[in-house]
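**Q** One structure coming up, written as structure tokens, with questions to follow.
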Amino acid sequence: MDVPMDVPVDVPVDVPVDVPVDVPVDVPVDVPVDVPVDVPVDVPMDVPMDVPMDIPMDVPVDVPVDVPVDVPVDIPIDVPVDIPVDVPVDVPVDVPVDVPPVCPAGQTRCGTTCFDLATNVNHCGACDTACSFPNAVAGCAARACVIASCNPGRGNCDGTASNGCETDTSTSNAHCGACGTSCGSDRLCSAGACRLPRDCRELHTLNPSLPSGEYMVDLDGAGAGAATTVRCDMTTDGGGWTLVFDSGTSNFNQAGVPWTRADVAAALVTPGLATTTLVAFRDASFALLPSLFRVSFAIPAGWRTAAPLAVSSVDVPVMVSFDGGGPLLRTLRHGYGGFLDNCAGAWGVGGNFGRFCITPSPAPFYTAFGVGAADRCVTSDVSWNALGTAGECGASRRFTLYIR
Ligand SMILES: [Ca+2]
Ligand SMILES: [Ca+2]
């Protein structure tokens, strides 16, 4: 009882005072180890009161408080905050080439590039969906392919995009120069402009339903020549024939009868635009006379430089079609020279007389235009005067040459 009392008194007094004050941090480690061993055994009652109070209080307070607070607070807070913020920001900015870019509003990424699919002609409505139309420049609007414009000389006249600019406005009669610009039934479209046909053939090709009759044409096309009226045969042997000679009501008496339509001959025969001639007798309305043959054949080369009735006397072989039949080789005899009686007779008899006939055949025989006697419109297989006055030419018995 005595010893215990003394020991406790001295130890507690000195130790507590020095330990807590000088080395709080270091003592905890040493104190617990040494003190417990000696104190519990001898002074359970007294020691506990002083030592436990001071030591436990200091140690627990410093260690637990600092460690837990610093570790949990710093690590959790720093990691989440720093990592998320730095990673996202650095990656996009530094590696734009390798990582898909973020496209601006209204655009979509196709491959590595952003496009506006609403207007991009190569990515219209969807990536890699290119727009293309025949004869047109394609565009993209509201995510759909459209015809931005037509190629020169073309028109989207049917309003259908799929077939592009389907109309050739340089030649379309219904859409000449522009969609909806019609040239009508008597003009045709050429180089994007409506113009009159050059002749009955062009007109007939333009509108095969047109009947025979007189029509306005422009013989030299785009040339300076004025428009004029010509007579057309739109039905015989395919139609499209232009009148170039008509004996009419005249009784010719001259050495050299010209084309009655010198303008037509100059525009079509001389330059070779017309290739075939149609020879026939016709009535006052230019209808073919019934029961009389009509013939056609290639225009002889000599006609390109002189009218067939304006030369003296010519014999030329021709392949003749009678009433539209197969061609037969015959001899065409034309000129204002004299001859013996009929188409088979030789030239050079008498002075001027004149004949146009084909031998041997029943083709039209036009004669006496080189003399004062009434001109005759008979057939090539009879004498020039075989029919007498009944064979005379006149308003209702016309000798005509058409060309095509
Ligand atoms: Ca179209
Ligand atoms: Ca005559």
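A short reminder: the numbers here are calculations on the coordinates, not readings from a lab. This one's a predicted model, so the numbers in the text were calculated from it and none came from an experiment. Cβ atoms come from the backbone with ideal geometry, glycine included; neighbour counts cover every protein chain shown.
**Q** Bin by bin, in steps of 5 Å, what percent of the Cα pairs in the stretch 116-168 do you find, going until the bin that has the longest distance?
**A** For the stretch 116-168, the pair-distance distribution reads 5, 27, 26, 20, 13, 7, 1.
**Q** List the relative contact order of the stretch 196-403 as a percent without decimals, with contacts defined as Cα pairs under 8 Å and 6+ residues apart.
**A** Working: 537 pairs, mean separation 43.3, N = 208.
RCO, the stretch 196-403: 21 percent.
**Q** If you don't mind, another one. Ranked by Cβ crowding within 10 angstrom, fewest neighbours first, how are 358, 299 ordered? Walk me through the numbers on the way to the answer.
**A** Values: 358 26, 299 21.
In increasing order of surrounding Cβ atoms, one gets 299, 358.
**Q** Can you tell me which of 319-331, 184-196 comes out highest on packing, and rank the rest after it, using the mean Cβ neighbours within 10 Å? Working shown, then result.
**A** Details: 319-331: 14.6, 184-196: 16.8.
Sorting 319-331, 184-196 by mean packing, highest first, produces 184-196, 319-331.
**Q** Mind listing the Cα extents of the stretch 196-403 along all three principal axes, in Å, largest one first?
**A** 47, 33, 31
**Q** Let me ask something else about it. Alpha carbon centre of the stretch 255-316 versus the stretch 138-154: separation in Å?
**A** Between the Cα centre of the stretch 255-316 and that of the stretch 138-154, the gap is 53 Å.
**Q** Around residue 392, under 9 Å between beta carbons, what's the net of Lys plus Arg minus Asp minus Glu among the other residues?
**A** It works out to a net charge of +1.
**Q** Now, a different point. So what's the net charge close to residue 165: Lys and Arg +1, Asp and Glu -1, counting the other residues with Cβ under 13 Å from its Cβ? Intermediate values should be presented prior to the final figure.
**A** Working: positive: 154; negative: 158, 166, 168.
Result for the local shell: -2.
**Q** Here's a follow-up. Can you pull the one-decimal nm distance between simple spin-label points at residue 122 and residue 224, each 7 Å off the Cα toward Cβ?
**A** Label-label distance for residue 122 and residue 224, simple model: 5.4 nm.
**Q** Further, regarding this structure: Would you work out which of 317, 338, 371 lies farthest towards the positive end of the dipole of the stretch 196-403? Charges go on Cβ: Lys and Arg +1, Asp and Glu -1.
**A** 338
**Q** Also: When a footprinting reagent is the concern and you count Cβ atoms within 10 Å, what order do 402, 336 take, fewest first?
**A** Working: 402 28, 336 24.
Ranked by crowding around the Cβ, least crowded first: 336, 402.
**Q** Next question. Give me the distance between the Cα centres of the stretch 158-211 and the stretch 327-376, rounded to whole Å.
**A** So the two Cα centres are separated by 45 Å.
**Q** Grab the other residues whose beta carbon is less than 11 angstrom from that of residue 238, score K and R as +1, D and E as -1, and report the net. Walk me through the numbers before you get to the answer.
**A** Values: positive: 201, 404; negative: 233, 237.
Around residue 238, the surrounding residues sum to 0.
**Q** By its C-alpha gyration tensor, with a ≥ b ≥ c as the square roots of the eigenvalues, how is the stretch 215-317 shaped: rounded for a/c under 1.5, else prolate for a/b larger than b/c, else oblate? All intermediate terms of the calculation are to be shown ahead of the outcome.
**A** Numbers: a/c = 1.37, a/b = 1.08, b/c = 1.27.
It is rounded, given that a/c, with a ≥ b ≥ c, falls under 1.5.
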